[in-house]
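Readers should treat all values here as calculations from the given coordinates under stated rules, not as data from a laboratory. It should be emphasised that the depicted structure is a prediction, and the values quoted were computed from it without experimental measurement. Here the Cβ positions follow ideal geometry from the backbone for every residue, glycine too, while neighbour counts run over all protein chains shown.
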Number of protein chains: 2
Amino acid sequence: MFTEHKEDSIGALGEVRLIAQIRDWLGEVVPACPEGMGDDCAVVDAPAGLQILTTDSLSYGQHFDDTVSAHDAGAKLIKRNLSDIAAMGGRPGYALLTLLCGNDLRLDWLAAFIEGIRQTCRHYNVALVGGDISSLPKGHFSSVLSLTGYLQYPPLRRTGASKGDTIYVTGSLGGSIQHKHHGFEPRLAEGQWLAQSGACSALMDLTDGLAKDLRELLPPQCAAYLHMERIPLSEAACQRATETGRPPLEHAFCDGEDYELLFTVKAKTELDRFEADWAARFPGTPLSRIGQIGANEGGKPYLDIKTNTALPWMKGYEHLT
Amino acid sequence: MFTEHKEDSIGALGEVRLIAQIRDWLGEVVPACPEGMGDDCAVVDAPAGLQILTTDSLSYGQHFDDTVSAHDAGAKLIKRNLSDIAAMGGRPGYALLTLLCGNDLRLDWLAAFIEGIRQTCRHYNVALVGGDISSLPKGHFSSVLSLTGYLQYPPLRRTGASKGDTIYVTGSLGGSIQHKHHGFEPRLAEGQWLAQSGACSALMDLTDGLAKDLRELLPPQCAAYLHMERIPLSEAACQRATETGRPPLEHAFCDGEDYELLFTVKAKTELDRFEADWAARFPGTPLSRIGQIGANEGGKPYLDIKTNTALPWMKGYEHLT
């Protein structure tokens with residue numbers, strides 16, 4: 001993605017022409033000024049009420065490597081943010097894009113990265129209204145996207161669960177390194193449906209792995225009692241297990257970057273009806289009833305519901321260590 | 001700002017404890033959840049109407065170096081964004097902070113950086129509601145802040161000027177490298193006052209230097225006719241000139257990072273009255289009537305109003321070249 005030939009790099013254009021080029025690549029997902037790029041701030045028309053704000057970054061060497069295409073990297077940057085919007089039950093609004101890169105970044109690589117952003121913005125109806133571009137040393141690339149969103153219903157937070165609530169997860173888990181860490185679809189429609197259902201008590205998206213993330217949903221003095229056979233193992237988790245010699249379940253718990261929804265449903269909910277409604281509304285999105293929230297008696301956060309023994313997997317992906 | 005001793009670095013804490021530590025450092029400028037940190041998105045109460053959005057980054061080696069304290073670097077990150085809000089005549093709202101850093105970043109350096117952000121947020125009444133933290137290779141540090149804001153009056157854009165309008169600039173220009181590039185005060189009150197005055201036709205903040213930025217305010221087929229003796233030279237510009245052997249005016253035009261307001265006032269305005277009102281309202285903020293917008297007859301954007309000759313300074317700071 002970098003080049004020693006200056007004429008192929010972004011350094012050949014310089015900042016002013018590069019920004020004009022990026023705006024051109026983005027096409028219709030950049031609205032006309034005053035909403036769009038080109039002034040000190042973007043000006044957008046915001047509906048009254050609760051707004052949500054999120055930001056996520058994507059760095060070369062950390063969130064993607066040379067095995068991921070520039071297009072998929074760009075799409076991943078915005079989908080990571082959309083997954084956060086989904087995890088509040090919200091709808092996306094406006095995006096700001098920051099690029100930090102060495103001036104030896106290949107111009108055609110950047111064009112494909114922006115094309116991934118453009119297609120994803122278009123697909124999810126996101127307007128990209130501004131941003132910033134800044135230098136890093138040669139050979140480095142980071143990108144940051146900030147995204148606004150809107151709520152039509154009260155936000156589904158991480159902290160709403162109670163003892164007796166049932167734990168669900170969408171899709172399948174583990175082995176995201178094979179493909180899913182960039183090939184996922186943010187569960188926006190599912191999150192919005194949960195927000196209007198009235199049944200959901202807490203919601204988050206799985207980014208660092210079930211082992212690290214599930215703890216966030218547990219109220220004080222509570223533990224998660226899990227049906228181990230119902231944890232939805234991805235094919236990639238099983239394949240990884242054959243490579244690493246570790247159990248597929250460990251990959252499902254610890255790999256991270258699943259970008260699935262993890263949520264709890266209130267104790268009084270009629271679960272069969274809830275699941276039938278889900279299946280009718282989202283036939284392509286598997287839903288797994290993986291366990292229940294109960295009293296924490298032994299100090300361990302996760303237990304096998306059948307044997308009442310603590311699970312060995314407690315950590316997911318941790319940055320900066 | 002980096003260390004070889006892991007126990008003094010952010011790597012000693014790991015991501016989860018580091019985020020908790022940063023939240024603790026930020027104190028009262030992080031509102032309680034749901035507004036604040038700790039969920040997939042921040043939830044904020046947005047007034048109906050026009051919202052403004054901006055983002056700006058601050059990278060070690062590009063926007064600051066070892067001569068700038070961590071505290072001043074943190075303050076600069078948020079003040080750069082506040083200057084963009086000022087340049088629309090708006091009021092700041094909510095901020096998202098992204099840190100991208102090597103795990104060898106010194107923890108005490110980061111504490112001082114965050115303290116600079118905290119004090120500035122507090123001073124300008126900005127709530128910091130979320131963010132992201134991510135790794136870079138050892139020895140590297142970048143930060144990105146995204147900021148929302150509100151407009152009580154129509155936005156003051158860059159493109160509202162007409163032939164006959166008068167050009168003003170606040171403060172003094174040039175030599176920002178000496179101190180001002182981090183020691184400036186964003187002109188928020190001044191921008192808001194301009195927005196309600198009805199007299200201002202176009203407004204921007206000076207970030208890349210008058211030579212590069214003034215062009216943004218010029219309508220098609222127009223040029224800026226400038227009173228050279230009224231360009232407010234900073235002491236730092238004069239001092240730089242003795243070091244570089246170049247004219248102080250060149251430094252005032254080309255150095256960049258002034259973070260002053262550059263604006264035009266409508267042709268029909270009573271300028272003496274406007275300036276008297278300004279002086280009464282902002283006795284500490286010098287205002288210079290530097291020129292006028294007129295027809296572009298020779299193709300050059302900037303002319304000396306007395307001699308009608310083109311100015312030699314056309315370029316300011318350009319990134320990525």
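Checking every residue in segment B:153-163 against the condition of being away from chain A (no Cβ under 13 Å) and surrounded by fewer than 24 Cβ atoms within 10 Å (Cβ to Cβ) gives at least one match. Does residue A:61 satisfy the criteria of being closer than 21 Å to residue A:115 by Cα and either crowded, with 24+ Cβ neighbours inside 10 Å or at the interface with chain B (Cβ under 8 Å from one of its Cβ atoms) (or both)? Answer is yes for this residue.
In the set B:191, B:183, B:171, B:209, only one residue is under 17 Å from residue B:256 (Cβ atoms), crowded, with 23+ Cβ neighbours inside 10 Å and within 14 Å of the chain's Cα centre (by Cα); that residue is B:209. Evaluated against (1) more than 8 Å from chain B (Cβ to nearest Cβ); (2) out of contact with any Pro (no Cβ under 9 Å at 6 or more places or on another chain), residue A:89 falls short on exactly one condition, (2).
Checked against (1) in contact (Cβ under 8 Å) with a residue 24 or more places away in the chain; (2) over 20 Å from residue A:274 (Cβ atoms); (3) surrounded by fewer than 16 Cβ atoms within 10 Å (Cβ to Cβ), residue A:229 passes all but a single condition, namely (1). Of the strands (runs of 3 or more DSSP E) lying entirely inside segment B:259-321, those carrying at least 1 residues that are over 13 Å from residue B:170 (Cβ atoms) and charged (D, E, K, R) are B:302-304. The residues on offer are A:212, A:268, and the sole one that is of a type in the set (Lys, Arg) and without any contact (Cβ under 8 Å) to a residue 60 or more places away in the chain is A:268.
Set side by side, the residues A:28, A:15 differ, and just one is facing another protein chain (nearest Cβ under 10 Å), among the acidic types (Asp, Glu) and not in a strand (DSSP E or B), which is A:15.
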